[in-house]
Each structure stands twice: as C-alpha cells, then as structure tokens.
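One structure below.
The values are calculated or read from the model by the stated rules, or taken from the named source; none is laboratory data. Just so we're clear, the structure is a prediction, and the values are computed from it rather than from any experiment. Every residue, glycine as well, gets a Cβ built from its backbone with ideal geometry; the counts of neighbours run over all protein chains shown. These area figures cover heavy atoms from the full protein model, side chains too; ligands, DNA and RNA do not enter into them. Shrake-Rupley method; radii C 1.70, N 1.55, O 1.52, S 1.80 Å.
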Amino acid sequence: MMETLIESTSASGIGRSRPRTDAASKLTGRAAFVADSPVAGLLHGRLVTCPYAHARILSIDRASALALPGVHAVLVWEDLPIKAGSGRAAEPLAREEVVFAGQPVALVLADTEALAEDGAENVFVDYEPLEPVMDVRRAIELESPLARVGHLKEESDVEMHGAAGGGTDAIGGAPVSANVVDRKVFSAGNAEQALAGSAAVVSGSFRIPWVHQAYMEPQVAMAWPEPDGGLAVRSSTQAVFWVRQELAQLFALPLTKVRVQAGTLGGGFGGKLRLIEPLVASAALAVGRPVQVAFTRTEDFAAANPCPSLEFELQLGADADGRFTALAGRVLIDCGAFTDSAPAALAGARVSGPYHFDCWQIESVGVRTNRFGAGAYRGPTSTQSTFAVESLVDELAARLEVDPFELRLRNAPDPGALRIDGVPWTKIGFRETLQAIRTHPLWEHRHELPENEGVGLALGMFPGAKQGAGAVCRMDSDGGLTVISGYVDMTGTDTSMATIAAEVFGISAEMVRVTAGDTSSAPHAGVSGGSMVTYCLGSAVAVAARDAREQVLRVAAQELEIDPADLEIVEGQVRPLGSPDRGIPLSTIGAKVTGFGPYAPVEGHGSSVPPELAPSVAAALSHVRVDPDTGEVELLHHVAAQDCGRAINPALVEGQMRGGAAQSIGFALYEDLNHNEEGQLLAWSFMTYAIARSESLPTIETILVEVPSPFGPLGARGIGESAIAPGAAAVANAVAAATGLRFGTLPITPRRLWHALTAVPTEA
Amino acid sequence: VIPARVDYLRPTSIGEALEALADGDAKVLAGGHSLVPMMKLRLARPMLLVDIGRLELRGISESGGVLTIGALTTYDQLLRTDGIGLPDALRESAAAVGDVQVRNMGTVGGSVAHGDPASDVTASLIALGASLRLRSAAGVRECPADEFFVGLFTTVLRQQEILVEIDLPLLGPGEGSAYRSVDDAASGYPLAGAAARVRLDDGRVAECAVGLTGAEATPRRLREVEQALLEVGSGPVEPCVGAALAKLELTRGEGDSEYRRQLTVVAVTRAFQTARARAVEGET
C-alpha cells in the first residue's frame, strides 16, 4: 500500500494548494499547441464534407480543385493506404456510403489552409440521398429503414471505461431492427415482483440530447513519413499509445515504426481519443509529405465524436422504510453512425448511481442512427444517469414523506455488495459526502426562500477505471528530477506528479520537471481519462521516485563511505543521520551522475496496477431562481462536495470540481447538439450551441471530503469524472422545488420552462 | 476560419474611402466584429475590404443638447463616457453587447450599418430619436434611425456611402430611458430587446418611444405599443403591452412565435417601466 511507501512530511508541499506548473504559459498565450508548430514542407488539409445525413456517393469530381494554384492533392477513400482495421478509424473518408451530415468525403491538400479551402470549394460530389434514421425509438423497430445500408465490420472498445463489465448479451423477445448494434441486460432477483410488492414505486422517462465536449482547441493532428519508412504523428490526444496501436494496425506497420507525440492539450474531456489521426496519417503516407489538419469549430461540431443522447424509462421502488427494492427499465443509447465507443454495457452499468438495490432489471440498447459517431465525455453517461435516478429518488422521498438526505443514506452500498454490473462495491465515501452538505445553510433554509426559488440535492458517483502505468524518474544535473511518462497532462496532473515525486524523493516540487514522452521514449501508458492518471500513474511515480532515491543514496554512500541506510535527503542535501554538516548537495550528486564518471545515470523506474477501483462519490446542492415571465433559470448558488480520497493538491481538486459542476450545469440548462428530422445539425457553432459560461455561473462552492482509498497514492481517488455527475440532477431538482415542475427532458431551456409554466396550472 | 482571398485597403481620408467603394464588391470594415465572422465562414466574400479604422470618426461630443457619436466609437468608449449625460438606454444597450473583447473592438456605427436584426444599440437609437449622418461623394444626408433599417442585413445605406456620425438629443428633465432584453443563451444576441424613452408631464406619460430589436427581421419603432402606453396611466403595463402586441406579426424566430412574442412583451414592459421610473426621478 502506498501510505507506507510515501513518507508523510517533507518540503514537497503535498496536501497544500499549489499553482499548476503550466498555468503561466497557458494564461499568457505562450503555450504552443499542435497547430503552432512550424514544419518545413507542411501541407494543410481541408475537408470536403457531405451535406446529407445519409447518402450514396455517386462520383467525386476533383479536376477543378486540382487545377487551382497551391493545391497538391485531393484524396478520397481509395487513395488512403489503409490496409486493415475497422470501424470509424478505417473510414476517415467515407467509402461508398455517407452516414452523417458533415462526414468527410475528400481531403484537399495545399500549401496553405486558405488554398486548401479554395480547393475544397471546387470538389464536386454527386450524391444519391438515402433516408436518414434520426429517431432512436423508431430506429429499433423491425421495419425501420437502416442507418447503414452497406455492411462494414466494426468493433467496439471499452478499454478506458471497461470497468463497467458485466451484463449479458441479447435477450429473447421481439426481433429488432439491424439498427440495434448493442444490447445488454443487467439483472438480479425478480425486479417485477419486487416492484409489485413495494410500498411506493415512482417511474419516469428521461431524455438527454447529444452534447459536445466543447474543448477549446479543435481536433488537430500533424503527421509525416519518417526516413526509415515509419510514421510520426503529433496530435492533440489523450492517449498516444492508443493512437500508435491503431495507426500501426491501419497501415500494417510494426509498433516500433509508429511514433506518436502528444501536443499540449487544449482540452479533451474524452473527445480527443484517436478521431483525427487516421485521416492525417493516411494523407501524409499517401503523399509522402508532412500533413496537418485542424478542424474548424463548425467541423468539430459536425464531424467529431460528441457525447451520445440517452433515453431512460425507469421504475424505482422502495419499501415502507425507504429501502430501495428494485430498479427496472430500459436505456436507449443513440450511438450515431459509428459505434466504436458507446456500448450499451457502459450506459446500463451507470444507471444504479451510487446506490444499492436488492433487485434490478435493466436493458441497455445501443442504436445506430445518422448522426456523427458517439464518443466519450467525462464520466460517460454518469451525468445523464444521475439526472434520471436522482429525479426519481426525489420523487420517492416526496411520496414516502422521507427527508431526501435520509432516503439516500438508507440506500448506501456496503463494501462487497454488488453493483448492477456485478462488480463489488468497495469502501466509498457515500455517507461522508452526504453528511458534508447536510447541514449546509442552503439546505437548512430551503423552505424559507422567496417565491420562484428552490434548492435541489443530488448524489452521483463514477467508479473510475484502472490500468497499468509506468514512470521513470531521472536525476538531472541540478539535483532535481525529471519524471517521464506517456500520459498527457489534461487536468494539471503534471503538477500532482511533481508533488508526488518530490514527496517521495525528499525535495521541493519546484525541483521536479514532468515530461510526457512520445511513444518511442516513454514507458508504456494508457489514456489520460477514466479518472486514472493520478490514481494509477501517481503510484507508479511514487515507486519510481523511491527507486531514484535509493540510487542516489547509494551514490552518496560511496562518496561518504557510509551505509545508505544511515543517509537521509533533507534541505537539498544527502546527509548522514545525525551529522548535518557532512552532507553532499544533491546538485553535486546530480553533476556526478550526469557527467562522465564512475556512476551510472540515476533513473528510477516504477509501475503500478491498483488491485481495485476507488470510486469517488460527489454531491451537489443547487439554488435557482426561475423567472416565470421568460422561463429563464438563474443559478444563485451551487455547492459541490466530493470524496477525493486525499487531496494531493487541493486547488487542482477544487478546479476539477468546479469545471465538472459547470459542465453538469450545461447539461441541465444549456447544451443541446440537436439535428432536425432531415439530419441537419442545428447547433453548429458557439453562436448556436450554448454552454454554461462564466457570466451565467455563480461561484461554485467546493467541499472536499477525504475518505482515503487503500490503493491510490497517499489515499487519493480519481476525481475528474465524478465531478460532472450530480450537478445536472441538482439543478433539475432545484427547478422542481421552485416550480413544482419535473422535467424529463434536458436541457431545461427558458422556452421549455415558460411553456410548461404557462401550459399547466395544475400539478405537472 | 479561412476567409476567401480578399484585397485590403486602409484609406487615410474619407474621400479616398468613398472612392474605393466605387468597386461594387467592396465592403467597409470598421471594428470587424460583424463582417469578419461572416467572412471566416465564407458567408460574406467581398473582393475588397476598405478599412476605415484609421479615419477620424471616433469619439463623443455634446453641443446644444445634442450628443454626437462618431461612427467608429467602440461600445467600450461609449460606456466610458464621462461628463456627458449618456441616455440610460444607450448605455444599457451598449453594455448588453457581446463580451469585453467585442465591446473593445466592435463599433456603434459598424453595428448599425451592418443592419443586424438583433443589434442591441439599434433599439436604443430608434427610441432615442437618433439621426444618422451618411456621407457620400455627393455630400451628406441625414436619416432618422427608425427609417434606416429596411430588412434583414439591409439598410438605406448606399454602396458609395459611409455612416459617419450619429446625433441624438440628450434627455431633459422629466425624461427617462431604458433598454431591457432577453438574450439567447448561446449567442448572447437579444431574442427580444426593447428600448423605451418616456417624457412625463405632471406625472403623466406625455411622450413615449419604443424601439424593438431581435424579435423581427429588422429593428424598428413600435408605434402601436407607444400609443397604448400613452394611455396606460397607473394601470398594469404588461397586459397593455400584450394587447398592443397581440396583433403583431413576428417575422423572426424558430417556429415559436408565441414565446418570441412573450419575450417581446416582457422586454417592452420592463424597458417602459424602468424608463418611466427614471423619468419620475428626473422630474423631482
């Protein structure tokens, strides 16, 4: 366990708020992103996209584009050197069939972006429009038209969030359309019977639309052929080794011939997982030159991999004491046109929220439609599930006349009990997190509010994931350390890794640099996602730093002719215990091990695979005021409480909680990546796609709860994803408290709220 | 993000600018916050940009109860005006525009000349009785703000004509004004924005002007509401506005004219009530 590995007191600053090491460069605009790198001979690519949601390509006329000055090539699918692979990656340009509006069908390469855009305007594509499939409920019916007429083999992967697990494959019953691409059933006990015997049963339908991750930096990658016949890629990605794996497969190259480097990440939230690299790498290999493609914002809205729409039909029962008897129902997941990463198993498993149920029967159905392709978004499906379940829990509390906190507390899972995906619960900070806000003045005074105001409560959870992680800690000539890993810093984790390494090694965090290596130089790494970086990599860094420390002590022992066990690292020196004046400065050792002398370089290695998950529970209280004249919802106050296990850098944890709350509030009130019936995207820029913005958010109050996890570094839990879970539900419950109206459809826009308020004078 | 090829000219005199506009595919560039976004998407493709940004058309002055605003005055400059009694409606509508960056760069004249159906300040200029000074090689003509807008992104401004100044009367004792809007959550543009100017005479509304933006294809003066408001007395304002607007054909909106009308009623009501309250303050 890591507690024993990491000594508790030192100059590292662990447990104290410290600024991010990348803050200054990002705030002053000096950080260089992928599209900022000058490369000799670079060709810029611009997309030719299809205006139809579903169509067959009849012909592509490239002659006029190729005649333009500065245009070097116009690539279509047949030109790409793709030899293997499946799914969206193997189809970076549409083959015969276009399956969503905005899908790239050709790529124009030119000396500048503007010339490439001129070229793109002069590529003429003939289409035969096909019937688009846009409504998931209709799509599952046997007689529905198909969202994909031709058949291309696809595979699904759940690596990152594979902790979901469980479920059984297709059940019996009515045959369904081939648009149903994934189907899982989670069941235990006899839910039907349990509901029938319950003291109270509440039910509801919930629909959450597609939502975009809304990262600031659009999808971008650059690729070039290497002199040795290999391929190099620099991209805005959360997972360099995933990209390498995929590209090696696509082009039938050995892994060692593909080198992937992550640029400074301008936001990811799950959306930067190998979407654009197959296209850019294919183009670079096809023309034998460096190629860069950066999506415009409009393309990023139309052709990326946003968060899928979910529909829930749920029933929740409880006995007279408020113990949940059963959860039953169905989840429909609109996977869009490509089903690589939105499997039914994930969504079904999240439906339970953080609660224990005696029985459950959840059918989770993934449906193909003619919308982009579903991707991952921070805490996949947890915000939507929490909204559905917490709406029902509030209803149930009202029905049973039980205090909403009390009802939730009665249904905390005990360690060892099974989640609905069959994974056992571990010790989680369920009660502690709820207790942390139970006496908050916002809640205690919620019945004394003026008209049209209300306070809502919600509790959410994301289990996180785990994967192996490796790290190297190298001593530098100044006596400090460089931590090398293959993980991209998405959330300030570099700062945390520096702190962990410093803590273990015995120096201040300012003496530690953190580098994300490319796939040829870094230890193998997973994805920056799944709430895994601090939880998994943190432990590997601790092991590596301890290894480095031991190596340094051995060097000092030789120099001082003292047993290493009698040495310590304090105040930038290695000192014999009890003889502080005989110390050697670390910088002296650094110079020796980096110079030409008798000593080998000091390079500590570490790896770790946590044996179990460390779910983080998050709760939210939201205080809203509704304007009945306009339907506008104003957030007056929002409180986020979360079990982070142990806050390695409280400021970063709070930042994650605030960001998660803002995105969750976006689900509740603003975000809707909607298409019309013809499959045309209506929200194609930030002028038409609303998100929560600083001026519409109150200060988000954060309350850190620390229930240490047994396996995280210093007890830390992965916290990035749980932060987004409860906010939307809390806002919806607050709106219900303010108006008496319970919304099944998000977002609760002013227009919807005003219509609901004017339409129904009676109870909704 | 990638505009089509365009020539660029930055004249040093208004004469030179007007001459350049003889090219029928030339467009005037002021603060660039309306035209450039359209060029980025290639929705606007002028062959020549005539950047008037360096011309002496910036600043605010007052003379004989008339405020003169240079067309290139930014929203931010407007909001920082000291010592001149900028009417509240104009100040509030300028503050409602975009965000800090837009207010730093965007110009009052640019917004007006662009003819955006949802420009905040246009409602105020209409309600405040502004007059627009349009200059061409032939000379200068004046156009009342409420006669300037013709349709969606269409105004009476001619190709070889530049909006140079805006005049508006300062408010006197017993007068008050206000701008109120309900904004789209994504764009920040008003779904309905209303400016009202009220003159009280002995506590009674003697004069009332209302400008509306956002709700229709073009900003305009709401005379049908003004008449009703002159007679509202101490009665409730919202039903009065609602009744006056019931017959209004809303020409803009995404298939939900009922909601758009409601927002229009709300914006007009709030602007009028605030303007009237301010007039009362100014009277005493």
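Top to bottom by accessible area (1.4 Å), largest first, where do A:Glu444, B:Glu161 land?
Details: A:Glu444 105, B:Glu161 5 Å².
The most accessible residue leads, giving A:Glu444, B:Glu161.
For chain A, what relative contact order do you get, as a whole percent, if you take Cα pairs closer than 8 Å and at least 6 residues apart? Intermediate values should be presented prior to the final figure.
Working: 2060 pairs, mean separation 124.7, N = 764.
Taking the mean separation of contacting Cα pairs over the length of chain A, I get 16 percent.
Running a GNM on chain B with Cα contacts under 10 Å, which residue among B:Ala215, B:Ala71, B:Ala244 ends up with the highest mean-square fluctuation?
Maximum among the listed residues: B:Ala244.
If I take R0 = 51 Å and measure r between the Cβ atoms of B:Arg10 and A:Asp581 in this structure, what FRET efficiency does the formula 1/(1 + (r/R0)^6) give, to the nearest 0.05? Let's see the in-between values first.
Numbers: r = 71 Å, r/R0 = 1.39.
Here the calculated transfer efficiency is 0.10.
Quick check: pseudo-label points 7 Å beyond the Cα along Cα→Cβ at A:Ser17 and A:Glu121, how many nm apart are they?
Reported label-point gap for A:Ser17 and A:Glu121 is 5.0 nm.
Among all the aspartates and glutamates, which ones have a C-alpha under 17 Å from A:Lys592's C-alpha, if same-chain residues fewer than 8 places away are not counted?
Result set, ordered by chain and number: A:Asp476, A:Asp478, A:Glu550, A:Glu559, A:Glu561, A:Glu603.
Tell me, what ³J(HN,Hα) does each residue in the range A:597-614 have, in order and in whole Hz, if you take phi through Karplus 6.51 cos²θ - 1.76 cosθ + 1.60 with θ = phi - 60° and put x for Gly and Pro?
x, x, 9, 6, x, 8, 9, x, 10, x, 9, 7, 10, x, x, 8, 7, 10
Run lengths n ≥ 4 of DSSP H only: what is the helix-derived mean residue ellipticity at 222 nm for the protein assembly as shown, with -39500 (n - 2.57) per run over all residues, to the nearest 500?
Working: 30 runs with 285 residues, N = 1048.
It lands at -8000 deg cm²/dmol.
Work from the charge dipole of the range A:555-633 (Cβ charges, +1 for Lys and Arg, -1 for Asp and Glu, about the Cα centre) and give the residue of A:Tyr599, A:Val574, A:Pro564 farthest towards its positive end.
Result: A:Tyr599.
Does chain A come out rounded, prolate or oblate, given a ≥ b ≥ c as the square roots of the eigenvalues of its C-alpha gyration tensor, rounded meaning a/c under 1.5 and, failing that, prolate meaning a/b above b/c?
Details: a/c = 1.87, a/b = 1.11, b/c = 1.69.
The shape class here is oblate.
Hey, with R₀ at 30 Å, roughly what FRET efficiency would A:Glu634 and B:Val140 work out to, going by the Cβ-Cβ distance, to 0.05?
On the way: r = 47 Å, r/R0 = 1.55.
Efficiency, rounded to the nearest 0.05: 0.05.
To the nearest 20 Debye, how big is the dipole of the range A:461-513 about its Cα centre, given +1 on the beta carbon of each Lys and Arg and -1 on that of each Asp and Glu? Walk me through the intermediate numbers first.
On the way: 3 positive and 6 negative charges, 49 e Å.
For this selection, approximately 240 debye.
Under a Cβ-only charge scheme (Lys and Arg +1, Asp and Glu -1), can you give me the dipole magnitude of chain A about the Cα centre, in debye to the nearest 20?
On the way: 57 positive and 89 negative charges, 160 e Å.
Rounded to the nearest 20 debye, it is 760 debye.
Pairs of alpha-carbon atoms within less than 8 angstrom and 6+ residues apart define the contacts here; what relative contact order does the range A:278-383 have, in percent? The partial results should precede the final answer.
Details: 180 pairs, mean separation 31.3, N = 106.
Here the relative contact order equals 30 percent.
Between the range A:495-535 and the range B:4-22, what's the alpha-carbon centroid distance in Å?
55
With a Cα-only, solvent-free Debye model of the range A:324-409, what are the log10 I(q)/I(0) values at q = 0.10, 0.14, 0.22 Å⁻¹?
-0.30, -0.55, -1.04
Quick one: of B:Lys27/B:Lys247; A:Lys272/A:Lys466; A:Lys83/A:Lys466; A:Lys184/A:Lys427, which pairs are farther than 29 Å apart, Cα to Cα? Mind showing how you got there, number by number?
Numbers: B:Lys27/B:Lys247 38 Å; A:Lys272/A:Lys466 19 Å; A:Lys83/A:Lys466 32 Å; A:Lys184/A:Lys427 27 Å.
With Cα atoms farther than 29 Å apart: B:Lys27/B:Lys247; A:Lys83/A:Lys466.
Which of rounded, prolate, oblate describes the range A:507-610, given a ≥ b ≥ c as roots of the alpha-carbon gyration tensor eigenvalues and a/c under 1.5 marking rounded, otherwise prolate only if a/b is larger than b/c? Spell out each step's value before the answer.
Working: a/c = 2.50, a/b = 1.92, b/c = 1.30.
Prolate, because a/c is 1.5 or more and a/b exceeds b/c.
Counting only Cα atoms, I'd like the Rg/Rh figure for the range A:653-694, Kirkwood definition for Rh.
Radius of gyration over Kirkwood radius for the range A:653-694 works out to 1.12.
Once phi is turned into θ = phi - 60°, what whole-Hz ³J(HN,Hα) does the Karplus curve with 6.51, -1.76 and 1.60 give for every residue of the range A:43-50, x standing for Gly and Pro?
Per-residue couplings from phi come out as 9, 9, x, 10, 8, 9, 10, 8 Hz.
Net charge near A:Gly590: determine it from the other residues with C-beta under 9 Å of the C-beta of A:Gly590, scoring Lys and Arg +1 and Asp and Glu -1.
Values: positive: A:Lys592; negative: A:Asp476, A:Asp478.
With Lys, Arg at +1 and Asp, Glu at -1, the net is -1.
Mean Kyte-Doolittle of at least -0.5 and a Cα length of 27 Å or more along the axis: which whole DSSP H helices of chain A meet both?
A:538-560, A:650-669
So what is the relative contact order for the range B:1-82, in percent, with contacts set as C-alpha pairs under 8 Å and at least six apart? It would help to have the intermediate numbers written out before the result.
Details: 116 pairs, mean separation 26.9, N = 82.
In percent, rounded to a whole number, it is 33.
Rounded to the nearest 20 debye, what is the charge dipole size of the range A:498-600 about its Cα centre when +1 sits on each Lys and Arg Cβ and -1 on each Asp and Glu Cβ? Don't skip to the end; give the middle numbers.
On the way: 7 positive and 12 negative charges, 45 e Å.
For the range A:498-600, the charge dipole is close to 220 debye.
Residues with amide H under 5 Å of A:Val181's amide H, sequence separation 5 or more or different chain, H placed in the peptide plane at 1.01 Å from N; which?
Long-range HN contacts for A:Val181: A:Gly366, A:Val367, A:Arg368.
Not counting ligands, DNA or RNA, and with a 1.4 Å probe, what is A:Lys184's accessible surface area in Å² rounded to the nearest 10?
40
Stretch A:Asp61-A:Ala40 to full length: gain in nm at 0.36 nm per residue minus the Cα-Cα span? Write down the numbers at each step before the final one.
Working: separation 21, 0.36 × 21 = 7.56 nm, distance 2.99 nm.
Extra length from A:Asp61 to A:Ala40 when fully extended: 4.6 nm.
Quick check: Cα centre of the range A:389-427 to Cα centre of the range A:578-632, how many Å?
Distance between centres, Cα-based: 34 Å.
Just to verify a number: FRET efficiency for A:Gln193 and A:Glu448, C-beta to C-beta distance, R0 = 35 Å, to 0.05?
Working: r = 43 Å, r/R0 = 1.23.
That pair, A:Gln193 with A:Glu448, gives E of 0.25.
Using θ = phi - 60° and the Karplus relation 6.51 cos²θ - 1.76 cosθ + 1.60, list the HN-Hα couplings for the range B:193-210 in order, rounded to whole Hz, with x at every Gly or Pro.
With coefficients 6.51, -1.76 and 1.60, one gets x, 10, 10, 10, 10, 10, 10, 9, 10, 6, x, 9, 6, 9, 8, 8, 10, 10 Hz.
List every residue whose amide H lies under 5 Å from the amide H of B:Leu170, counting only residues 5 or more places away in sequence or on a different chain, with H placed 1.01 Å from N in the peptide plane.
B:Val66, B:Leu67
List the residues whose amide H sits under 5 Å from the amide H of A:Val574, counting only those 5 or more places along or on another chain, with H placed 1.01 Å from N in the peptide plane.
A:Ile584, A:Leu586
So how exposed is A:Arg431, as accessible area in Å² (1.4 Å probe, rounded to 10)?
Probe radius 1.4 Å; accessible area of A:Arg431 about 110 Å².
Given points 7 Å out from each Cα along the Cα-Cβ axis, report the B:Ala206 to A:Asp563 separation in nanometres with one decimal.
Taking the two extended label points, one gets 10.3 nm.
Cross-link candidates for A:Lys257: which aspartates and glutamates have Cα within less than 16 Å, leaving aside residues fewer than 8 places away along the same chain?
Within reach: A:Glu226, A:Asp228, A:Glu246, A:Glu277, A:Asp518.
In whole Å, what is the distance between the alpha-carbon centres of the range B:36-89 and the range A:245-264?
Taking the Cα centre of each part, the range B:36-89 and the range A:245-264 sit 53 Å apart.
Specify whether the C-alpha gyration tensor of the range A:171-304 places it in the rounded, prolate or oblate class, a ≥ b ≥ c being the square roots of the eigenvalues: rounded for a/c under 1.5, otherwise prolate if a/b is larger than b/c and oblate if not. Please report the intermediate quantities before stating the final value.
On the way: a/c = 3.11, a/b = 2.27, b/c = 1.37.
Prolate, because a/c is 1.5 or more and a/b exceeds b/c.
Going toward the positive end of the dipole of the range B:140-202, with +1 on Lys and Arg Cβ and -1 on Asp and Glu Cβ, which of B:Val164, B:Pro190, B:Gly176 do you reach last?
My answer, from the dipole projection, is B:Pro190.
What does the structure give for B:184-194 when I average, per residue, the other chain Cβ atoms found within 10 Å of the residue Cβ? Could the numbers behind the result be given before it?
Details: counts 4, 14, 12, 6, 5, 1, 0, 3, 1, 0, 0.
Counting other chains' Cβ atoms within 10 Å and averaging over B:184-194 gives 4.
When only the heavy atoms of the protein chains count and the probe is 1.4 Å, how do A:Asp627, A:Asp126 rank by accessible area, highest first? Present the calculation step by step, with values, prior to reporting the outcome.
Details: A:Asp627 35, A:Asp126 85 Å².
Result of the area sort, largest leading: A:Asp126, A:Asp627.
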